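What follows is one structure encoded as structure tokens, with my remarks underneath.
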Amino acid sequence: MIGSRFNTLRTTTLVCALLMSFGGTEAMAVEEPDYTVVRTFADFELRRYPPYAVAETEVAGPFDEAGNQAFRILAGYIFGDNRADAKIEMTAPVSQRPATGEGERIEMTAPVVQRPASGTAGETFVVSFVMPDRFTLDTLPEPVDPRVRLREEPGKLMAVRRYSGRWTETRYRENETRLLRAVEEAGLRPLAAPVYARYNSPFSLWFMRRNEVMVEVAETGSKP
């Protein structure tokens, strides 16, 4: 009983510390994946991302709650719940996307990412932390928690729409619709489900939050 309470308190303390550091994107530098802007459209930006490593986990639940569930699991990993007892600095964004079935192409994850799983009952999302650039899959510490998996995200061409405001599914869906409509009008072809990327912690003021909806697009027809 005492050990269980201690572990719960320890986890809560670590998550709070992580949220404070992640929320400091306005006050301190937080690493983000590199990308090159290919072209800027009225409603979105076309970016090319190189490969990078991510730590991710899959959770079931409503869109608005999935990120919080997964955040605690991934926070444990980067705060030392790994075979090397090593701490890993937080990056941005956190990405959330619908999970895909076996054999399907995996869409972009970002600094947290969240996504639902096809072929399953209800909603299932994959939430991802981008690992710092100094790590590769070979140098990242092995997770202790079997729910955490490490993967290299391949390089991709992404259409990205940025917006501010609250982390609600309604707000996200509005911007997702605008992005997909704009992508179609630009003659681009989406390759996977859109991704939801958050760059700030829950402690940040809602009107100062940076959010993005991203979707991978085909190379064909993507040139200006």
Restricting the range 125-177 to residues that are touching a Gly at 6+ places or on another chain (Cβ under 7 Å) and of a type in the set (D, E, K, R), the residue that is nearest to D34 (Cα to Cα): R171
Given (1) open to solvent by 80 Å² or more (accessible area, probe 1.4 Å); (2) at pLDDT below 90; (3) touching a Phe, Trp or Tyr at 6+ places or on another chain (Cβ under 8 Å), R48 misses just (2)
Counting only residues in the range 20-45 that are at pLDDT below 95, touching a strand residue (DSSP E or B) at 6+ places or on another chain (Cβ under 8 Å) and of a type in the set (D, E, K, R), the one surrounded by the fewest Cβ atoms within 10 Å (Cβ to Cβ) is identified as D34
Using the structure shown, decide if N175 is on the phi < 0 side of the Ramachandran plot, surrounded by 20 or more Cβ atoms within 10 Å (Cβ to Cβ), in contact with a helix residue (DSSP H, G or I) (Cβ under 8 Å, 6 or more places away or on another chain) and of a type in the set (S, T, N, Q). no
Selection within the range 213-224 - modelled with pLDDT of 75 or more and open to solvent by less than 30 Å² (accessible area, probe 1.4 Å): V213, M214, V215, E216, V217, A218
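Looking at R162, R210 in this structure, which one is open to solvent by less than 60 Å² (accessible area, probe 1.4 Å) and within 24 Å of P50 (Cα to Cα)?
Exactly one of R162, R210 is open to solvent by less than 60 Å² (accessible area, probe 1.4 Å) and within 24 Å of P50 (Cα to Cα), namely R210.
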Specify the residue that is nearest to the chain's Cα centre (by Cα); the eligible residues are those in the range 180-196 that are part of a helix (DSSP H, G or I) and of a type in the set (A, V, I, L, M, F, W, C). L180
Per-region count, the range 192-207, residues open to solvent by less than 30 Å² (accessible area, probe 1.4 Å) and either among the β-branched types (V, I, T) or modelled with pLDDT under 90 (or both): 5
Flag if T177 is of a type in the set (V, I, T), part of a loop (DSSP other than H, G, I, E, B) and modelled with pLDDT of 95 or more: no
Quick check on the range 73-82. Is at least one of its residues under 16 Å from E32 (Cβ atoms), open to solvent by less than 10 Å² (accessible area, probe 1.4 Å) and out of contact with any Pro (no Cβ under 6 Å at 6 or more places or on another chain)? yes
Is it the case that V144 is open to solvent by less than 20 Å² (accessible area, probe 1.4 Å) and either modelled with pLDDT of 95 or more or of a type outside the set (S, T, Y) (or both)? no
Residues in the range 147-159 that are assigned to a loop (DSSP other than H, G, I, E, B) and surrounded by fewer than 18 Cβ atoms within 10 Å (Cβ to Cβ): how many? 3
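The values are calculated or read from the model by the stated rules, or taken from the named source; none is laboratory data. None of the values given here were measured: they were computed from a predicted structure. Because the Cβ atoms are built from the backbone with ideal geometry, glycine has one as well, and the counts that use them run over all protein chains shown. Protein only, heavy atoms only, side chains kept; ligands, DNA and RNA dropped before computing areas. Shrake-Rupley method; radii C 1.70, N 1.55, O 1.52, S 1.80 Å.
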